[in-house]
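Novice: Okay, here's the structure, questions in a sec.
A short reminder: the numbers here are calculations on the coordinates, not readings from a lab. Since this is a predicted model, take the numbers as computed values, not measurements. For neighbour counting, all protein chains shown are included, and Cβ atoms are generated from backbone atoms with ideal geometry for every residue, glycine included.
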């Protein structure tokens, strides 16, 4: 249930229009200063909507999104602008925005989006867990490893990264080819898609509607889904959200007869791997699937790495080196080092009920980390 709207804009007129037209019966807090808005955000904002104008001046809207996501992965940030490029839309959505609304009469579209959100929260046939869609993997850890593959001057870190690379390669070799789920309501085109992919993939399931797809998702974990955006029995965007709620690691390829520009925000915000416009060539489809398979396997192995490699395959010293390097990497990128980062390699610390979003001291090295972890008397070797 949505219980608050927070509007961040330079213009009080935006507030007047939204207040007058939004049907949701809840308070609307207006801020013309983004820093003040971020500083006053409560820790529990899961049931809030933040409406964010790109025209704010005291900080970038991308930074606002990042700060909100740190406090809550469930809070919905809707960015709006009279004009933005697809690159800007993509960047905002990658930062964690729920929606990025652009075009003429943008405030009317914002009102429609908010009202639609309220209706979905009340009447949706499927419960969509946004936290699960965002997934538990903190990508900063893997971004750090990628960065230090070539930038590291630490022999200790290099040794651990080399060990991780070997473990990663061995895990990749053990994986089978991805299983595919095709959702297409046109019988002829559904058969055509199956014929195209069956030459390279043996595990292919094809269904004609969204409801049948949901039932298949309950039975099996697929690596890739090929989804027609316009189905007879279910909205394609909603189906993709449901698919990701069942399997956040799945890669989704959208197929449709419509141009991406017309549906850019709705398609990009749900994190699809690719967008193919009908008619589709076999070569293009297989190339798209190949790229999606690489990303799916990478995500699956990274999830496994958090559960196995970083928790069980490396020793106490190596874990402290990893955290020291992660702290330096996040500091370099102006990101806070938080307790959630520590939990990735010392999950048993979570039993002490320390809030995962708490920011740790600004000066951290390996020895400080060792003392901090040792103070909890964990059974770490």
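Novice: Between residue 219 and residue 177, take the C-beta separation as r, use R0 = 25 Å, and let me know the FRET efficiency to the nearest 0.05.
Specialist: For R0 = 25 Å, the calculated efficiency reads 0.85.
Novice: Specify whether the C-alpha gyration tensor of the range 4-123 places it in the rounded, prolate or oblate class, a ≥ b ≥ c being the square roots of the eigenvalues: rounded for a/c under 1.5, otherwise prolate if a/b is larger than b/c and oblate if not.
Specialist: On the way: a/c = 1.21, a/b = 1.07, b/c = 1.13.
Rounded is the answer for the range 4-123, as its axis ratio a/c remains below 1.5.
Novice: So, one more: Stretch residue 202-residue 33 to full length: gain in nm at 0.36 nm per residue minus the Cα-Cα span?
Specialist: Numbers: separation 169, 0.36 × 169 = 60.84 nm, distance 5.55 nm.
Using 0.36 nm per residue and subtracting the Cα-Cα distance, I get 55.3 nm.
Novice: Over all directions, how big on average is the projection of the convex hull of the alpha-carbon atoms in the chain, in square nanometres?
Specialist: So the Cα hull casts an average projection of 20.5 nm².
Novice: Under a 10 Å cutoff between Cα atoms, tell me which one of 157, 360, 93 has the largest fluctuation in the Gaussian network model of the chain.
Specialist: 360
Novice: Can you show me the helix-derived [θ] at 222 nm for the chain, built from DSSP H runs with n ≥ 4 at -39,500 (n - 2.57) apiece and divided by the number of residues, rounded to the nearest 500.
Specialist: -15000 deg cm²/dmol
Novice: Indicate, rounded to the nearest 5 percent, the antiparallel portion of the DSSP beta bridges found entirely in the chain.
Specialist: Working: 2 of 37 bridges.
Roughly 5 percent of the DSSP beta bridges within the chain come out antiparallel.
Novice: Another question, then. For a distance above 17 Å, tell me the whole-number percent of Cα pairs in the range 28-69 that qualify. If you can, show how the numbers build up before the last one.
Specialist: Working: 181 of 861 pairs.
I get 21 percent for the Cα pairs in the range 28-69 exceeding 17 Å.
Novice: What's the Cα-based Rg to Rh of the range 292-381, Rh via Kirkwood?
Specialist: Taking Rh as the inverse mean 1/r over Cα pairs, Rg/Rh reads 0.99.
Novice: Exposure proxy check: 331, 319 ranked by fewest other beta carbons within 10 Å?
Specialist: 331, 319
Novice: State, as an integer percentage, the relative contact order of the chain based on alpha-carbon contacts under 8 Å between residues 6 or more apart.
Specialist: Relative contact order for the chain comes out at 12 percent.
Novice: When a/c is below 1.5 the answer is rounded, else prolate if a/b is larger than b/c, else oblate, so apply that to the range 188-237 with a ≥ b ≥ c taken from the square roots of the Cα gyration tensor eigenvalues. Could you put the intermediate results ahead of the total?
Specialist: Details: a/c = 2.18, a/b = 1.26, b/c = 1.73.
Cα axes put the range 188-237 in the oblate bin.
Novice: Hey, could you pull the Cα Rg and Dmax for the range 36-100, both in Å?
Specialist: Cα-based Rg and Dmax for the range 36-100 come out at 11.1, 32 Å.
Novice: Additional query: Quick one: check the C-alpha center-to-center distance for the range 11-47 versus the range 52-108, whole angstrom.
Specialist: For the range 11-47 versus the range 52-108, the Cα centre distance is 14 Å.
Novice: Note down the relative contact order for the range 128-313 as a percent, whole number, built from C-alpha pairs under 8 angstrom at least six residues apart.
Specialist: For the range 128-313, the relative contact order is 22 percent.
Novice: Would you mind ranking 75, 26 by Cβ crowding within 10 Å, fewest neighbours first?
Specialist: Result, fewest neighbours first: 26, 75.
Novice: Let me ask you something else. In 5 Å bins starting at zero, report the fraction of Cα pairs in the range 128-313 per bin as a rounded %.
Specialist: 1, 7, 15, 18, 18, 14, 10, 8, 5, 2, 1, 0
Novice: If we count other beta carbons within 10 Å of each Cβ, what is the order of 308, 219, fewest first?
Specialist: Numbers: 308 13, 219 8.
The fewest-first ordering by Cβ neighbours comes to 219, 308.
Novice: Sticking with this structure for a sec: Among DSSP beta bridges lying fully in the range 128-313, give the percent that are antiparallel, nearest 5.
Specialist: Bridges in the range 128-313 that DSSP calls antiparallel: roughly 5 percent.
Novice: What distance in nm lies between label points placed 7 Å from Cα along the C-beta direction at residue 187 and residue 235?
Specialist: 3.0
Novice: Let me ask you something else. At a threshold of 8 angstrom on Cα-Cα distance, excluding pairs fewer than six apart, so keeping six or more, what relative contact order does the range 4-123 reach in percent?
Specialist: Taking the mean separation of contacting Cα pairs over the length of the range 4-123, I get 25 percent.
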